[in-house]
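Working notes, structure below.
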Amino acid sequence: MSEPQPRPSLIGDSLAQVGALGLFLLSVLAAVPRSLRYFAETVRQVFFVGAMSLVIIMTCGLFIGLVLGLQLYEVLSRFGSTASVGTVVAIALYRELGPVVTALLFAGRAGTSITAEIGLMRATDQLAAMEMMAVDPMAYVVAPRFLAGIVAMPLLASIFNALAIFGAHTVAVTWLGLDNGTFWSNMTGAVDVWTDVMNGVWKSTVFGGVVTLVATYQGYTTAPTSEGVAYATTRTVVSSSILTLAIDFLMTAFLM
Amino acid sequence: MTAVSTTSTDALVSIRGLRTKLGDKVIFDGVELDIPRGSVTAVMGPSGTGKTTLLRHITGQLRPDAGSIVVDGRELATLDRDGLFDLRERIGYLFQNSALLTDFTVFENVAFPLRQHARLPEELIRNIVLPKLQAVGLRGAAELMPAELSGGMARRVALARAIVRDPMLLIYDEPFVGLDPIALNQVLKLIRTLNHTLGLTSIVVAHELAAVSRVADHIYLLAAGKVAAHGAPDQISRGETEWTRQFFGGEADGPVPFHYPARDYAADLGFTQERA
Amino acid sequence: MTQRRNHQIGTGLFIVLGFAALGYLATQTTSLANYRQGPTYALKARFTNIGQLKLRAPVKIAGVRIGSVSDIQLEPDRLEALVTLAIDNRYNQLPDDSAASVFTSGLLGDQYVALKPGGSPELFKDGDEIILTQSSVQLEELIGKYLVGSGDTPAKKPAEPESASKQGEKP
Ligand SMILES: Nc1ncnc2c1ncn2[C@@H]1O[C@H](COP(=O)(O)OP(=O)(O)O)[C@@H](O)[C@H]1O
Ligand SMILES: [Mg+2]
């Protein structure tokens, strides 16, 4: 430790990022009560981050389900337990794949557009204009998107899961000939509402907050240039994906 | 809030000893400035002198390093967020680049300040917004999106938005840029009319001396972080100081450097060896 | 304005769709699906070993679900499992000599209670006990029995998977 040479420290930078994000979270939370008067704006944002993400979420859910059905049927048939395809698919989806994959897709679809939108608002002085019209951008722009993410993510993850179950059912039952009753009765026998379905719902709620928090933070603090916006958009995907997976691990390890 | 408030002078805005540094650059170094009530005051100066920064100080978007800024009798440094917002509700601000909200129509942009601060019936909102759009000649464009407007049209929409709540202070940051002569004439007339009929105070930042002379009661000329000259338009344009002569004569050399500080030109081009 | 209206409608549809999906997943793909709305009546059955049988496991006749396991207790005196079955009232025509077994669905699947109808003219009533029961078949025991040989552990408790039938009378 004799050299006081400043070198780029990945850990230090990450910590600083997390700290700045934490402070931003506090100011978002402080703005939430004030944002309630812009309820219509929150509704509009649920449309943009939620309804507009439906196509990608449904398509990917279906394909994930198809793949899971194929893979698990093949693997489980080695143990003579193809009856458990439904169970394994459902548990894997509810507990992990649904919340995590939806969050990653959500970061790519909704997170980037939130960052780009807020970044451009910054670059074109729209945020300053709101300040000048005595409208707090934290309450009018940031908080509604944050709330919309929290509302939309669990719903998106549920839709994703439903489509994936449908896909797995199509493969296992319709194509590969597993008995329909076996598929469902094994699933209903083993899957629990609270430990499986609701766990996934809590996770995806948290992930929705994480992704929109990162996205709004990156947009809000972006350098007001086209380059800055492009860079911020990339960082939204990278940071929110890493944060999502890290928090997923923590939640799985300590809370569930 | 009455028109007469507790300032001893008749200044709506009064700035004393303003000092600001942005990054490493000293923007203001002891600016003293008064904006009289009910007048049109122009702030002129070479680009990059900090005219926009001055406006950001006056509206509390940016805190100075030192000095006092009093707007309508209130020292900005003592105001919290709510206090600032209260003040800003009575200030109209026309941004240099219009800053229209891109996902609202022209009508909704102008209606935005109304909708955010009061729950008004739709009919009343139309009755307030349409006359403002008519005044800037864009009532027919009410349903267009900002992306469909030219720069000059967007400026006029932004002007309509700035005046929609009948502010006490109206701030224009370079309102004449990008306007064709007809629109320019209309906007000049509008600034005058607003000032005289509504009795509001205006601050106009601009470069165009001809245009400014037609509306302004006072001109402040900023240069090198200080007020270089101030007075009535004819007084200023007669050019009694070196600053004004250079600025209005448009000469590159003089007390205001046209060139951004740089290394020796010949050395930069590699003609001479630079001495270490 | 119409645009704002459309957004509100779109948001509404999205939220309805999302909650419909969640509601479907929560009620139709989990053990909640096994709760029957209709009224049930209780039957009891004793087993020496219930294996992995769990609460809410299905009760089936001929592979058709007719109810679920509603309670599992260890009887302190006899050291046997007392299992209570909640049977749909629709299926109230079960002969009172029907037999109950704990089966496994597939090789590694979950366990359930299978009822094999008898021929008695008398029918089960609420609270009756199923006399003929057969305990869970333990994989390890099967392996021990058939792989290693049948007479290997006479000292241990007879690991007979079947014939755990109880003839113990009960009032
Ligand atoms: N955030 C900032 N950080 C550092 N320098 C800035 C910042 N904003 C503006 N400046 C500098 O301040 C000076 C004045 O800017 P501005 O007020 O926009 O000038 P103008 O008189 O043209 O409106 C410019 O030289 C600009 O480079
Ligand atoms: Mg400027």
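A short reminder: the numbers here are calculations on the coordinates, not readings from a lab. Being a predicted model, the structure only gives us computed values, none of them experimental. Here the Cβ is made from the backbone with ideal geometry for all residues, glycine too, and neighbour counts use every protein chain on show.
Across the stretch B:158-221, the relative contact order, built from alpha-carbon pairs under 8 Å that are at least six residues apart, equals 40 percent. Which of the residue pairs C:Lys54/C:Lys145; B:Lys21/B:Lys132; A:Lys203/C:Lys60; B:Lys25/B:Lys132; C:Lys60/C:Lys125 have a Cα-Cα distance greater than 28 Å in the structure shown? Too far apart for the 28 Å limit: B:Lys21/B:Lys132; A:Lys203/C:Lys60; B:Lys25/B:Lys132.
Are there any trypsin sites (Lys or Arg not before Pro) in the stretch C:1-98 that are in a DSSP loop and have at most 10 other Cβ atoms within 10 Å? List them by number. Answer by residue number: there is no such site. Rounded to the nearest 20 debye, the dipole magnitude of the stretch A:38-250 is 140 debye, with +1 charges on Lys and Arg beta carbons, -1 on Asp and Glu beta carbons, and the Cα centre as origin. Listed by chain and number, the aspartates and glutamates whose alpha-carbon sits under 12 Å from that of B:Lys51, ignoring those within fewer than 8 places in the same chain, are B:Asp173, B:Glu174.
Only one residue of B:Pro261, B:Pro36, B:Pro131 has its Cα farthest out toward the positive end of the dipole of chain B, where Lys and Arg carry +1 and Asp and Glu -1 on Cβ, and that residue is B:Pro131.
Shape descriptor for the stretch B:1-99: Rg over Rh equals 0.94 (Cα atoms; Rh from the Kirkwood inverse mean 1/r).
Around the Cα centre of the protein assembly as shown, unit charges on the Cβ atoms of Lys, Arg, Asp and Glu (plus for the first two, minus for the last two) sum to a dipole of about 900 debye.
Put the Cα centre of the stretch A:91-140 next to the Cα centre of the stretch B:96-154 and the gap is 26 Å. About the centre of its Cα atoms, chain B shows a dipole size close to 440 debye [charges on the beta carbon of Lys, Arg (+1) and Asp, Glu (-1) only; nearest 20 debye]. The value of relative contact order for chain B, using C-alpha pairs under 8 Å at least six residues apart, is 23 percent.
Working from Cα pairs under 8 Å separated by at least six residues, relative contact order for the stretch A:177-242 is 27 percent.
Sorted from greatest to least, the principal axis extents spanned by the alpha carbons of the stretch C:27-87 come out as 39, 22, 21 Å. Proximity of backbone amide H atoms, modeled 1.01 Å from N, is registered between B:Gly30 and B:Leu18, B:Arg19, B:Thr20 at under 5 Å, excluding neighbours fewer than 5 places apart on the same chain. Running a GNM on chain A with Cα contacts under 10 Å, which residue among A:Arg44, A:Arg109, A:Arg145 ends up with the highest mean-square fluctuation? Residue with maximal mean-square fluctuation among A:Arg44, A:Arg109, A:Arg145: A:Arg44.
Using bins of 20 Å that start at zero, the share of Cα-Cα pairs per bin across the protein assembly as shown amounts to 14, 32, 24, 15, 10, 3, 0, in whole %.
Here is what passes the span test in chain A: the DSSP H helices with alpha carbon length of 30 Å or more along the helix axis and a Kyte-Doolittle mean of 0.0 or above are A:10-35, A:54-77, A:143-169, A:199-220, A:226-250.
With helices as the sole contributors, chain B gives -10500 deg cm²/dmol at 222 nm; each DSSP H run of n ≥ 4 counts as -39500 (n - 2.57), and the sum is divided by every residue.
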